[in-house]
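The block underneath contains the structure these notes are about, expressed in structure tokens.
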Number of protein chains: 2
Amino acid sequence: VKKPVSKVYSFGSDMKKIAEDDPRKIVHSIKVGLAIALVSLFYYFEPFFHYEGFGVSAMWAVLTVVVVFEFSVGATLGKSVNRGIATFLAGSLGVGAHKLVNLSGSDKLQPVVLGLSVFLIAAIATSMRFVPKLKARYDYGILIFILTFSLISVSGYRDNEVLDMAITRVTTILIGGAAAILFNVVICPVWAGEDLHNLVATNIEKLGISLEGYGNQYLKLDVNLEELDRTFLEEYKCIIHSKAIEVNLVNLAKWEPRHGKFRYRHPWEQYLKIGDLVRDCAINIDALNTCLSSCIMTPEGKARIQEPCTKMSVECGCALKELALSMKTMIIYPTTDSHILKAKAAAEKLRSIIRSGSLAEEAELRQLLPTTRVAS
Amino acid sequence: VKKPVSKVYSFGSDMKKIAEDDPRKIVHSIKVGLAIALVSLFYYFEPFFHYEGFGVSAMWAVLTVVVVFEFSVGATLGKSVNRGIATFLAGSLGVGAHKLVNLSGSDKLQPVVLGLSVFLIAAIATSMRFVPKLKARYDYGILIFILTFSLISVSGYRDNEVLDMAITRVTTILIGGAAAILFNVVICPVWAGEDLHNLVATNIEKLGISLEGYGNQYLKLDVNLEELDRTFLEEYKCIIHSKAIEVNLVNLAKWEPRHGKFRYRHPWEQYLKIGDLVRDCAINIDALNTCLSSCIMTPEGKARIQEPCTKMSVECGCALKELALSMKTMIIYPTTDSHILKAKAAAEKLRSIIRSGSLAEEAELRQLLPTTRVAS
């Protein structure tokens, strides 16, 4: 008896955590509920659609809303556009195939030609789904294309009925898609582009916090490596594995129209570049971390490099944090450059002292800057 | 004129590359085409289903095949099971809601109660999709649940018709799902579990190649760091970003029954642990790489550590490559242990020489071993 109860309980706490972490998810659930309920009721009351019964119209509209309604505006738009265009294209092609078969073939040949055309279209379209560029943006559309084409070309209707059906399908899908987009954009819209922007900015900020903490704590003379508070070091760990999320958000953001601070055709690809640089940088900090954890330096050696090292890390950290802030607010801070100059000076000093040392983060920073400028 | 032509050309070369890299993808496309064409034709000929016209039966079966047919057996099974169970549950609930409304409510109250129940079910189910554990395995099922429930409860049919329709839907979905599974399993099945196993083994092998190349090339006395052939170092770069792929494959592999060398409930989670260790190890090699690239050592210092370092790297590399081989063939090689012992001895020697150095990979290897044993 205890197990299901504890399962329900842990499920409840899961939900609570989700609601606290991101209340937009709860708002999204309510939006979905509203959209589906209203579209359903619309078809329930509308006698024009109702006379066909459960069959064609209402079903396709409700189905479209359920399937197309995604968390972010970009995803919803992408799916709607994919679904609409794919249905239209496949519908035209299906009607064409139908006509062709009826014109040319005898009754015996008909199913053979139809089966062959369905096989060919389905096989070619499926193989297209493996092309990475097409998969990223049109995967759903290709699926719907296969679906619609096989449904229409195999249906046993006469020509004019097929055309009617195709038109009904396209219009109901348009209605369903429009409802989904409307609900998604009007009530607290979630923009994938904004999420991406904030994610990248937060990652830069985390990097800054790590570097600063690194400068302040790691390089102290009397520090005990085992007792060190390493929480600030954990900050960058999750950056390393954020690539897949970023790629996905970029694909979604490309569908979004102008909103807030972003225009349509915002250079989303640049975020990927920044993201990659941030990840490289995080891996380099990890490298530094590993090196320093295992290196047992003599106190004298440490004392010699301590001042420029600390300065470099802290200034880099400051610069990164300011960059993150300037990305978030989209205002360029004039002090960032001075931080970077100071960091470079400290790095030069350090280099002249030991002619070695892993100054990866400085080199990274130099790379990082122009790219960040481009995007913000 | 030139642009579309070159686009078609680049698309053709994309397809050729896909076919060469993984011929299974082309086989998959043909399988999908065959399955859809045959199921379509079955419904085209079958008079029992045909009399209903395009409407219900044929459509749901073809739709199920198109939507459910995925590349790997695990994904196809997962989607079929999800779709089947969700349709059954939502169908029962929808019929129940329908009966309840017809029994209790007046004509005016009916749509309110229906709309409210659709809203509640859709909102709660959508919020469940955000729970990571449910999302990983049942995301598709929850979607279909919302879909079926709203379709059935809003349809304007009388009670007995609703029941009929629900039964028809469930059976056609079962037929479609069974066809998809049959085609997927009988013709050249692609097992997600096998892919996962090979991916992890290949990653370990890449790590071994990197380490070996590292030992053989990097630590030579007369090496020029700029002119070094770094291709072997690139091997581990893609390991770092393979986490998302692994997590996905594990989720799919859990659906698969006993096949080949794997039984049902194979400890798939262990692969994630090995994968994480391999990734940590790859990041550590990256760290070593960065350190050594920037460190300018004196030739004497280098000469002192050269022999044990080289030995350690090469032996570790050998051990990892053998582990990968033993994973692939599922035979335990007795020589692996001796490689590890040699590597450990070399590491001990190195440690005694310099009492420092980043020996992360040795520590990693020690961790790596027991886990690998568990899985293979």
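The values are calculated or read from the model by the stated rules, or taken from the named source; none is laboratory data. The model shown is predicted, which means the values in this text are computed figures rather than measured ones. Backbone-built Cβ (ideal geometry, glycine too); neighbour counts: all protein chains shown. Quick note on the areas: whole protein, heavy atoms, side chains included, nothing else; ligands and nucleic acids left out. Shrake-Rupley method; radii C 1.70, N 1.55, O 1.52, S 1.80 Å.
For A:143-151, what's the mean count of beta carbons from other chains sitting within 10 Å of each residue's beta carbon? Don't skip to the answer; put the middle values down first.
On the way: counts 3, 2, 1, 8, 7, 2, 2, 10, 7.
Mean shielding by partner chains, rounded to a whole number: 5.
Between A:Val190 and residues 5 or more places away or on another chain, which pairs have amide H atoms under 5 Å apart, with H built 1.01 Å from N, and which residues are they?
A:Val73
Give the nm distances, rounded to one decimal, from B:Lys133 to the matching residue in every other copy, measuring between label points 7 Å along Cα toward the beta carbon; shortest first.
4.3
For the cross-link pairs A:Lys17/B:Lys133; A:Lys79/A:Lys261; B:Lys133/B:Lys273; A:Lys79/A:Lys328, which exceed 22 Å when the distance is taken from alpha carbon to alpha carbon? Don't jump to the answer; show the numbers that get you there.
Numbers: A:Lys17/B:Lys133 14 Å; A:Lys79/A:Lys261 24 Å; B:Lys133/B:Lys273 18 Å; A:Lys79/A:Lys328 28 Å.
Flagged as over cut-off: A:Lys79/A:Lys261; A:Lys79/A:Lys328.
Could you rank B:Ile245, A:Ile36 by how accessible they are, 1.4 Å probe, largest area first? Write down the numbers at each step before the final one.
Details: B:Ile245 95, A:Ile36 0 Å².
The most accessible residue leads, giving B:Ile245, A:Ile36.
If r is the Cβ-Cβ distance from A:Leu163 to A:Leu325 and R0 is 56 Å, what FRET efficiency results, to the nearest 0.05? Intermediate values should be presented prior to the final figure.
Numbers: r = 58 Å, r/R0 = 1.04.
The pair A:Leu163/A:Leu325 has a calculated efficiency of 0.45.
Given R₀ = 56 Å, FRET efficiency for A:Lys99-B:Leu272 by Cβ-Cβ distance, to 0.05?
On the way: r = 53 Å, r/R0 = 0.95.
In this case the efficiency is close to 0.55.
Would you mind pulling out the separation of the Cα centroids of segment A:90-146 and segment B:60-96, in Å?
23 Å
From the protein chains alone at 1.4 Å, what is the descending order of accessible area for B:Cys318, A:Cys238, largest first?
Ranked from most to least accessible, the order is A:Cys238, B:Cys318.
A:Ala136 versus B:Leu116, label points 7 Å from Cα toward the beta carbon: distance in nm?
It works out to 4.8 nm between the two label points.
Put a label point 7 Å from Cα along the Cβ direction on A:Val8, then list its distances to the equivalent points in the other copies in nm, shortest first.
Inter-copy label distances (nm, one decimal, shortest first): 6.3.
Let me confirm one metric for peptide A:116-123, namely the mean number of other chain beta-carbon atoms within 10 Å of its residues' beta-carbons.
Numbers: counts 2, 1, 10, 10, 2, 3, 13, 10.
Per residue, the average neighbour count from other chains is 6.
Would you mind computing, in nm to one decimal, how far apart the modelled labels at A:Thr171 and B:Lys16 are, each placed 7 Å from Cα along Cα→Cβ?
With each label point 7 Å from Cα toward Cβ, the separation is 4.8 nm.
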